[in-house]
Amino acid sequence: MIDVMVRRFALALALCLAAGTAQASAEAPSPAPAKAKKRVGRVPFRVVKLLPETGQALVFDQDRRAHVLVAEGDLVGGFLVVEVDEENLVVSRDGRELVLVADPRAPQPAPGVAPERIDVIDPYSAAVKAPTASGPAGMTPIDPYAPATVREVLAPATQRESLRGAAVVDPYAPVRTEPTVVSAPSEAAPLKATPAPGSSGAPEPIRGETMTVKRAELEAALSDFSRLGKDIGFVKLARGIKLGKVASGTYFFKLGLRDADIVTAIDGRPLRTLDDAATAYARLGSARGLTVDVERGSARGTLRFAIK
């Protein structure tokens, strides 16, 4: 009888313990799922060289396609530079840090091209860096809460000098809408008739056959440029040299040149200045031939000479 009571007591105790354990398990909170680490995304630069002695690193910014010199506290490509040591460049973004090493595949800077320097500007700092002769040494801090001011910017000295004495135009002045009255000429200039080819008033055709000249006579006629200008008269045009009066019986008239001829080239080289003429004269010493391109009225031709 006692054994039966002991067994019933043990069974009841075991049932109570099992129920308590089950209730504790049900009330215990389930562990929270582990949060996935936030990705930092693409790193838009490559480390070219570490400079621990100066606390700097040379990186290649792939977005800007430029080499940049950074130090601790600088921002490059959206990353904050945390540390520069002998082997690593530590950067961070969004609470995560990355350890970067020098990449031998990173583009190297061109010889003689200095890398850019990132300047971190504190908008509340009172320090102002003054510009130097070679350019600005830094940026002037900007107070975002300061009232707007008008800043006067001077044009370069060469432009200011070129505008000295010019009338000042008021861009806010009212636009004048009255029509401008233009007076017609009291007497219209008569139109000049163009002589027909072959008529008495038509210009003489440009000689086509080759003419033989003596070198000594040609060099003597061309050697004195001042006399040449007085005898013929030169007017410089955009496309050549226009001759003035070429009197009949002169040496140049015999060569085939006429009044108002425009010499555009000698030996195929453009003739626009007296220096070009002097260069052509210097070539006569060994030349065996000479060509002169001429415009006469609406006609164009080439005078050809054999030099002996």
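The values are calculated or read from the model by the stated rules, or taken from the named source; none is laboratory data. Small disclaimer: the values here were computed from a predicted structure and weren't measured. Cβ placement follows ideal geometry from the backbone for every residue including glycine, while neighbour counts extend to all protein chains displayed.
For the structure I just gave you, tell me whether residue 204 is modelled with pLDDT of 75 or more, in a loop (DSSP other than H, G, I, E, B) and not basic (Lys, Arg).
For residue 204, the condition - modelled with pLDDT of 75 or more, in a loop (DSSP other than H, G, I, E, B) and not basic (Lys, Arg) - is met.
Which count do you get for residues in the range 70-81 that are at pLDDT 90 or above and surrounded by 17 or more Cβ atoms within 10 Å (Cβ to Cβ)?
Residues in the range 70-81 being at pLDDT 90 or above and surrounded by 17 or more Cβ atoms within 10 Å (Cβ to Cβ): 4 in total.
Just to be sure before I move on: is residue 279 among the polar types (S, T, N, Q), touching a residue at least 12 places away in the same chain (Cβ under 8 Å) and not in a loop (DSSP other than H, G, I, E, B) in the structure I sent?
No; evaluated as a whole, the condition is false for this residue.
Which count do you get for residues in the range 102-126 that are among the charged types (D, E, K, R) and either at pLDDT below 85 or in a strand (DSSP E or B) (or both)? Explain how you work it out, then say what you get.
From the range 102-126, those among the charged types (D, E, K, R) are 103, 105, 116-117, 119, 122; that's our starting set.
Still in the list and also either at pLDDT below 85 or in a strand (DSSP E or B) (or both): 116-117, 119, 122.
So the count comes out to 4.
Residues in the range 222-242 that are closer than 16 Å to residue 258 by Cα and either of a type outside the set (D, E, K, R) or outside the structural domain of residue 269 (by TED's automatic domain parsing) (or both): how many?
8
Within the group 68, 99, which residue is in contact with an Asp or Glu (Cβ under 6 Å, 6 or more places away or on another chain), of a type in the set (A, V, I, L, M) and not in a loop (DSSP other than H, G, I, E, B)?
Selected residue: 68, the only one of 68, 99 that is in contact with an Asp or Glu (Cβ under 6 Å, 6 or more places away or on another chain), of a type in the set (A, V, I, L, M) and not in a loop (DSSP other than H, G, I, E, B).
Taking the range 71-96 as the region of interest, how many residues are in contact with a Leu (Cβ under 6 Å, 6 or more places away or on another chain) and assigned to a loop (DSSP other than H, G, I, E, B)?
Within the range 71-96, the first condition is being in contact with a Leu (Cβ under 6 Å, 6 or more places away or on another chain), and the residues that meet it are 89, 91-92.
Keeping just the survivors that are assigned to a loop (DSSP other than H, G, I, E, B) gives none.
Residues meeting the conditions: 0.
Just checking, how many residues over the range 212-266 are surrounded by fewer than 12 Cβ atoms within 10 Å (Cβ to Cβ) and in a loop (DSSP other than H, G, I, E, B)?
Counting residues in the range 212-266 that are surrounded by fewer than 12 Cβ atoms within 10 Å (Cβ to Cβ) and in a loop (DSSP other than H, G, I, E, B) gives 7.
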